[in-house]
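So the structure is just underneath, and the comments pick up after that.
Taken together, the values in this text are just the output of simple stated rules run on the coordinates, not laboratory data. It should be emphasised that the depicted structure is a prediction, and the values quoted were computed from it without experimental measurement. Here the Cβ positions follow ideal geometry from the backbone for every residue, glycine too, while neighbour counts run over all protein chains shown.
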Amino acid sequence: MKIRKAVIPAAGLGTRFLPATKAIPKEMVPLVDKPTLQYIVEEAAASGIEDILIITGRTKRAIEDHFDKSYELETELEKSGKLDYLETLQKISNLANIHYVRQKEAKGLGHAIYCARFFAENEPFAVLLGDDVVANDKKPCLAQMIEQYQTYRTSILGVQTVSDEDTSKYGVIKGDKLADRIYKVEDMVEKPAPGTAPSNVAVLGRYIITPGIFRCLEETTPGAGGEIQLTDALRKLAAKESMYAYDFVGRRYDVGSKEGYLEATVEFALKRPDLKDEFTQYLKNIVSKL
Ligand code: G1P
């Protein structure tokens with residue numbers, strides 16, 4: 001079966017980026033000049049996803065406006081001959097069919113995914129987390145995962161190896177390496193206490209999940225941080241069906257942290273033909289004075 005649908009949870013409060021996120025959704029904070037969420041939606045679209053469900057909440061209306069058509073703005077841009085901008089805007093609203101559902105209470109990532117049960121309609125689907133932006137100029141991270149799905153035909157978790165100090169920030173898998181970049185998932189744990197992680201292989205914001213997850217989510221009680229954790233439901237699923245983890249190729253930025261956000265901003269600016277030369281010069285100048 002083809003992976004046609006993706007779910008992007010975007011209901012979090014964004015407390016780590018206050019005060020910027022007091023009145024705007026954290027997913028709309030830009031990297032250079034594009035909201036972080038647009039990078040995620042573009043990755044999904046470039047990986048062949050046709051329908052995207054964004055799980056939103058109160059105060060997230062700017063997200064719907066961003067992916068909608070903007071007739072007034074488009075008419076103005078056309079009139080004033082700013083055709084580059086016009087094209088940029090029109091591309092956004094044509095990326096995919098985007099649907100929305102509101103998560104009424106912030107009960108955790110697992111609960112957010114449960115809100116997608118009617119959308120998934122018994123098909124395997126992708127999940128992309130908005131805090132994890134993955135750069136790969138050759139093949140988008142999700143496209144790599146979909147390729148693995150074509151081989152294994154079951155749930156695939158996107159992972160990379162992290163340092164010992166970082167395992168407590170993530171869902172960490174326990175499992176044997178089966179082939180190049182592939183692990184068989186036996187178990188997993190959400191945010192293990194320092195020194196207790198079963199491995200250094202962490203789930204980094206990309207998943208392909210079979211619909212069996214919804215039954216597992218129904219049986220999942222609050223876990224780490226008092227929230228309904230997707231990781232806890234995935235470990236139940238791994239006990240019922242085979243599950244693999246794929247060490248994806250690409251530079252992953254944790255744009256939910258200030259450090260990761262700044263790194264992504266600088267590196268993305270350095271890749272932009274319109275900014276690269278001047279910005280490189282500027283960075284060299286300030287670094288030489290440090
Ligand atoms: C979530 C997941 C965690 C995963 C992480 C990836 O945690 O619960 O399993 O490893 O995303 O970034 P969060 O960062 O939302 O606390």
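Quick look at the values:
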| item | result |
| --- | --- |
| Pairwise label distance in nanometres, Lys169 with Lys284, each label 7 Å out on the Cα-Cβ vector | 3.1 |
| For region 172-290, with +1 on Lys and Arg beta carbons and -1 on Asp and Glu, the positive-most of Thr265, Thr196, Cys216 along the dipole | Thr265 |
| Burial ordering of Tyr261, Tyr282, fewest other beta-carbon atoms within 10 Å first | Tyr282, Tyr261 |
| Leading residue at positive end of dipole, region 16-137 (Cβ point charges), from Ile63, Leu18, Met28 | Leu18 |
| When each of Lys34/Lys79; Lys22/Lys139; Lys22/Lys107; Lys34/Lys169; Lys104/Lys271; Lys5/Lys177 is checked by Cα-Cα distance, pairs over 31 Å | Lys22/Lys139; Lys104/Lys271 |
| For region 196-270 versus region 1-60, the gap between their alpha-carbon centres in whole angstrom | 16 |
| Nonlocal amide H pairs with Met188, under 5 Å, H built at 1.01 Å | Lys174 |
| Antiparallel DSSP beta bridges within the chain, percent to nearest 5 | 60 |
| Point-charge dipole on Cβ atoms (K/R +1, D/E -1) for region 1-124, about Cα centre, debye to 20 | 680 |
| For Tyr100, residues with placed amide H under 5 Å, excluding near neighbours | Ile54 |
| Whole-Hz couplings from phi, Karplus 6.51/-1.76/1.60, listed for region 38-54; x for Gly and Pro | 5, 4, 5, 5, 5, 4, 4, 4, 5, 9, x, 6, 9, 10, 10, 9, 9 |
| Descending semi-axes in Å of the chain, equivalent ellipsoid built from Cα gyration tensor | 32, 23, 19 |
| Computed magnitude of the charge dipole of region 66-165 (debye, nearest 20; Cβ of K, R +1, Cβ of D, E -1) | 340 |
| For Lys177, Lys289, order by how many other beta-carbon atoms lie within 10 Å, fewest first | Lys289, Lys177 |
| Sorted by Cβ neighbour density within 10 Å, fewest at the top, the residues Glu165, Glu78 | Glu165, Glu78 |
| Between 0 and 90°, nearest 10: helix 230-240 axis offset from the chain longest Cα axis | 40 |
| J(HN,Hα) series, region 134-140, from Karplus relation 6.51 cos²θ - 1.76 cosθ + 1.60, nearest Hz, glycine and proline x | 10, 9, 8, 6, 8, 9, x |
| Computed [θ] at 222 nm, helices only, for the chain once each DSSP H run of length n ≥ 4 contributes -39500 (n - 2.57) | -10500 deg cm²/dmol |
| Charge dipole (debye, nearest 20) of the chain; +1 at Cβ of Lys and Arg, -1 at Cβ of Asp and Glu | 340 |
| Signed unit charges on C-beta, dipole axis of region 92-137, positive-most listed residue Ile92, Phe119, Ala106 | Ala106 |
